[in-house]
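Here the structure is laid out as structure tokens; the discussion comes afterwards.
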Amino acid sequence: MAGEPQPDCLFCKIVAGEIPATVVRKTERILAFRDIAPKAPVHVLVIPHVHYPNAAALAAAEPELAGELLAEAGAVAREEGLADYRLIFNTGPGAGQTVFHAHVHVLGGRPMTERMV
Ligand code: 5GP
Ligand code: ZN
């Protein structure tokens, strides 16, 4: 069934507490934790507890939960003291996605002005 935990998914294991993570926020449906290889002074990953392969798949199946994910990303930025920050959803290996459990990167704490588009 959609959203079911996947046995080989790293982020499902973090949600289950089987792999440790530095958690910064936790709600009934969303978890936020620090990236293990930070690309900026603040680099937090925000994920739904349930498993979807990417953010668009999450939004298609559970739009309200996708909204919660974004709201939590904003809450993380606020708590981390970021006025300006970047949200990134890598989607597909060719775009740099390496963990196939929906997540948004919250990046900030340094100038994030380099253009990608
Ligand atoms: P993606 O490349 O799929 O958009 O993002 C996956 C992110 O997960 C990467 O930035 C990577 O550094 C991070 N990551 C990979 N393994 C772990 C881990 O075991 N713990 C944490 N906290 N982050 C991880
Ligand atoms: Zn998963």
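Observations on the model:
- Enumeration of residues in the range 30-52 that are away from ligand 2 (no atom under 12 Å from the Cβ) and either within 21 Å of Ala2 (Cα to Cα) or not in a strand (DSSP E or B) (or both): Ile30, Asp35, Ile36, Ala37, Pro38, Lys39, Ala40, Pro41, Val46
- Taken over the range 10-23, the criterion of being within 14 Å of the chain's Cα centre (by Cα), surrounded by 11 or more Cβ atoms within 10 Å (Cβ to Cβ) and either of a type outside the set (Val, Ile, Thr) or more than 9 Å from ligand 2 (Cβ to nearest atom) (or both) is satisfied by Leu10, Phe11, Cys12, Ala21, Val23.
- Only residues that are assigned to a loop (DSSP other than H, G, I, E, B), within 16 Å of ligand 2 (Cβ to nearest atom) and more than 17 Å from Arg34 (Cα to Cα) were counted in the range 63-91, giving 1.
- Some residue of the range 14-29 being in a loop (DSSP other than H, G, I, E, B), of a type in the set (Asp, Glu) and touching a helix residue (DSSP H, G or I) at 6+ places or on another chain (Cβ under 9 Å): yes
Quick note: the coordinates plus some simple rules give every number you see, no bench work behind them. Just so it is clear, the model here is predicted, and its values are computed rather than measured. Backbone-built Cβ (ideal geometry, glycine too); neighbour counts: all protein chains shown.
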